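Trainee: The structure follows.
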There are 4 protein chains.
Amino acid sequence: MSFTQATISLTDNGVMTMLKAAISKADEVGQPQCIVIVDASGETLGEIRMSGAKFLSRKSALAKALTSASTGGASSSIPETVRSAIGLATEGSITGLPGGLPIRIDGVLVGGVGIGSGTGEQDVAVATAALVAVGAQI
Amino acid sequence: MSFTQATISLTDNGVMTMLKAAISKADEVGQPQCIVIVDASGETLGEIRMSGAKFLSRKSALAKALTSASTGGASSSIPETVRSAIGLATEGSITGLPGGLPIRIDGVLVGGVGIGSGTGEQDVAVATAALVAVGAQI
Amino acid sequence: MSFTQATISLTDNGVMTMLKAAISKADEVGQPQCIVIVDASGETLGEIRMSGAKFLSRKSALAKALTSASTGGASSSIPETVRSAIGLATEGSITGLPGGLPIRIDGVLVGGVGIGSGTGEQDVAVATAALVAVGAQI
Amino acid sequence: MSFTQATISLTDNGVMTMLKAAISKADEVGQPQCIVIVDASGETLGEIRMSGAKFLSRKSALAKALTSASTGGASSSIPETVRSAIGLATEGSITGLPGGLPIRIDGVLVGGVGIGSGTGEQDVAVATAALVAVGAQI
């Protein structure tokens, strides 16, 4: 095994494109949102709190993004039976709340996007719009 | 869309008027209370821990105030099925405990008030008295 | 004295306009930056970590933004003799590092912008570009 | 030595009287202030952030109040040579910034008051006014 391996990462152009697409979708849905994008190490790349969004949803949107970046799956795919235990063991970073999706481009998990303030369906719709904008896997 | 939008904020006169009314109601009810008032971004504007109130209720009163300032609803309106999950994902900032009410004046959400130390009914009665004192929507 | 007072706040359109202008200036300068924008209570409205920016500069950029939003002045205007003391007393939130500027529009302090990763001069240049983009006072 | 000893503590009436006197003095001085009052264990009893005060001064005002409640002296009496070391060792709770005064009534140290947002002189003047209002030792 080699000491290093090739990977890819999101550029700021990718992040801004995702934020703009998410805002556009949130406007269309009529629900202001908190939007958070993290990299493959969970470090924030970009975020926006839209006018009228719930300010505490910044925290839950971050947890959703972290969950998806770490697990590679939708935040809602955390099994219900372990949600409390995993949430506690990760100081709230892992959540089963819907609205977190992994950002997978060219087969590589490059991070996660988390959306919060709306219903679960609204949050997922906005997260999906952000993924579509950069050609990420849905 | 403009770069800014008009809004209103609570003055310290408004905050002191709310604190006095809450203390007066708590005295009437016979239950000393922790009273916390936050602005529309969740930053504390004023608080009082009455003689005989539970000191840890400062924390729950803050969570109640934050919940109402963020969601625009009573803290007790957080659906029971998601309370644990949202509480974990927001580091305890969102709570379903009764005693948090939004401060909405002239149609604008200007913050939240949270009360803690009594029963749910006592906490809500004191929060309501604080709202009435500044002509906020009940 | 009234219970409320009129004010204004930044919209997400204002925040996105500032982020885009800051990125554009950083590209022109050739120094990737961390860009943080907070509201008048210090709650984050938006942020971007550009490709190649220092990830820990997210923290210093936040401190710069908070400093300017709280004091209404440039972060660099904190007197040198009190920087350590005030930094300690505010858990690092107040900093004298250059790169934080207040966002003042129509005479109202609506928040702060903080930039970090470059030299002090580069950080201030990028912060200034963000202010110009929304017609804020320089 | 006995297992217990008599002491006295501030009532909420005492705290509200101090807050009102501090606000009144701050209005007279023309500098909005953050005012924090803690008990003899450093637990917050009351606080107000006046309209136009610096929101980060809540933190430094708390540190000043804690310093005076803990040491029984003015925050500014912490010797300059040890300020950094003690500040670090107490996670910023001890500060030498002026504006913190002990609340000593009938010879008993019942807490501390901390003021922040103005000059050192303004902060001390407001803290003193709060002490005078409850007959505390100056």
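The values are calculated or read from the model by the stated rules, or taken from the named source; none is laboratory data. Worth saying up front: this structure is predicted, and the values here are computed from it rather than measured. Methodologically, a virtual Cβ is constructed for each residue, glycine included, from the backbone with ideal geometry; neighbour enumeration extends over all protein chains shown.
Trainee: Count, please, the residues in the stretch A:1-15 that happen to be in contact (Cβ under 8 Å) with a residue 24 or more places away in the chain and of a type outside the set (A, V, I, L, M).
Mentor: Result for the stretch A:1-15: 4.
Trainee: For the stretch B:51-64, which residues satisfy the criterion of being under 19 Å from D:ARG49 (Cβ atoms) and at the interface with chain D (Cβ under 9 Å from one of its Cβ atoms)?
Mentor: Matches in the stretch B:51-64: B:ARG58 only.
Trainee: Go over the candidates B:ILE86, B:ILE115, B:ILE48, B:ILE94 one by one and state the one that is within 23 Å of A:SER117 (Cβ to Cβ) and in contact with a Gly (Cβ under 8 Å, 6 or more places away or on another chain).
Mentor: Going through B:ILE86, B:ILE115, B:ILE48, B:ILE94 in turn, just one is within 23 Å of A:SER117 (Cβ to Cβ) and in contact with a Gly (Cβ under 8 Å, 6 or more places away or on another chain): B:ILE94.
Trainee: Moving to a separate point now. What is the one condition in (1) more than 11 Å from the chain's Cα centre (by Cα); (2) buried (at least 24 other Cβ atoms within 10 Å of the Cβ); (3) away from chain C (no Cβ under 14 Å); (4) within 20 Å of D:ASP12 (Cα to Cα) that B:ALA89 does not satisfy?
Mentor: (4)
Trainee: While we're looking at this one, here's another question. Do the conditions hold for B:THR71, that is, is it within 11 Å of another protein chain (Cβ to nearest Cβ), closer than 22 Å to A:LYS64 by Cβ and buried (at least 24 other Cβ atoms within 10 Å of the Cβ)?
Mentor: Spelling it out, it is not the case that B:THR71 is within 11 Å of another protein chain (Cβ to nearest Cβ), closer than 22 Å to A:LYS64 by Cβ and buried (at least 24 other Cβ atoms within 10 Å of the Cβ).
Trainee: I need the full set of residues from the stretch A:111-130 which are within 12 Å of A:LEU97 (Cα to Cα) and buried (at least 21 other Cβ atoms within 10 Å of the Cβ), in order please.
Mentor: A:GLY114, A:ILE115, A:GLY116, A:SER117, A:GLY118, A:ASP123, listed by residue number.
Trainee: May I pose another question? Quick one: would you say C:LYS64 is over 10 Å from the mean Cα position of the chain (by Cα) and closer than 30 Å to A:LEU10 by Cα?
Mentor: No, not satisfied.
Trainee: Next question. Among the residues of the stretch B:51-72, what is the count of those that are in contact with a strand residue (DSSP E or B) (Cβ under 8 Å, 6 or more places away or on another chain) and either closer than 14 Å to B:ARG83 by Cα or among the small types (Gly, Ala, Ser) (or both)?
Mentor: Residues in the stretch B:51-72 being in contact with a strand residue (DSSP E or B) (Cβ under 8 Å, 6 or more places away or on another chain) and either closer than 14 Å to B:ARG83 by Cα or among the small types (Gly, Ala, Ser) (or both): 13 in total.
Trainee: Restricting attention to strands (runs of 3 or more DSSP E) lying wholly within the stretch B:16-119, give those where 2 or more residues are in contact with an Asp or Glu (Cβ under 7 Å, 6 or more places away or on another chain) and free of Cβ contacts under 8 Å to residues at least 40 places away in the same chain.
Mentor: B:44-49
Trainee: Do you know which residues across the stretch D:118-136 are of a type in the set (S, T, N, Q) and under 13 Å from the mean Cα position of the chain (by Cα)?
Mentor: If the condition is that a residue be of a type in the set (S, T, N, Q) and under 13 Å from the mean Cα position of the chain (by Cα), then D:THR128 is the only one that fits.
Trainee: Looking at the structure I just gave you, is B:ASP106 among the acidic types (Asp, Glu) and surrounded by 24 or more Cβ atoms within 10 Å (Cβ to Cβ)?
Mentor: So B:ASP106 does not fit the description; no.
Trainee: Being in contact with a Ser or Thr (Cβ under 9 Å, 6 or more places away or on another chain) and either facing chain D (nearest Cβ under 7 Å) or β-branched (Val, Ile, Thr) (or both) is the filter here; which residues of the stretch C:74-86 pass it?
Mentor: C:ILE78, C:SER84, C:ALA85, C:ILE86, listed by residue number.
Trainee: Test each condition in (1) among the hydroxyl-bearing types (Ser, Thr, Tyr); (2) under 13 Å from the mean Cα position of the chain (by Cα); (3) closer than 30 Å to A:GLU80 by Cα for B:SER77 and report the one that comes out false.
Mentor: Only one criterion is unmet by B:SER77, namely (2).
Trainee: Restricting attention to the stretch A:1-15, which residues are modelled with pLDDT of 95 or more and either among the aliphatic types (A, V, I, L, M) or part of a helix (DSSP H, G or I) (or both)?
Mentor: A:ALA6, A:ILE8, A:LEU10, A:ASP12, A:ASN13, A:GLY14, A:VAL15 - these are the residues of the stretch A:1-15 that are modelled with pLDDT of 95 or more and either among the aliphatic types (A, V, I, L, M) or part of a helix (DSSP H, G or I) (or both).
Trainee: A further question follows. For the stretch D:120-138, give me the residue count where each residue is without any contact (Cβ under 8 Å) to a residue 24 or more places away in the chain and closer than 15 Å to D:ALA69 by Cα.
Mentor: 1
Trainee: Looking at B:ILE115, B:ILE94, B:ILE105 in this structure, which one is within 13 Å of chain A (Cβ to nearest Cβ) and β-branched (Val, Ile, Thr)?
Mentor: B:ILE94
Trainee: Can you report the number of residues in the stretch C:8-50 which are in contact with a helix residue (DSSP H, G or I) (Cβ under 6 Å, 6 or more places away or on another chain), within 11 Å of chain B (Cβ to nearest Cβ) and of a type outside the set (A, V, I, L, M, F, W, C)?
Mentor: Residues flagged as in contact with a helix residue (DSSP H, G or I) (Cβ under 6 Å, 6 or more places away or on another chain), within 11 Å of chain B (Cβ to nearest Cβ) and of a type outside the set (A, V, I, L, M, F, W, C) within the stretch C:8-50 amount to 2.
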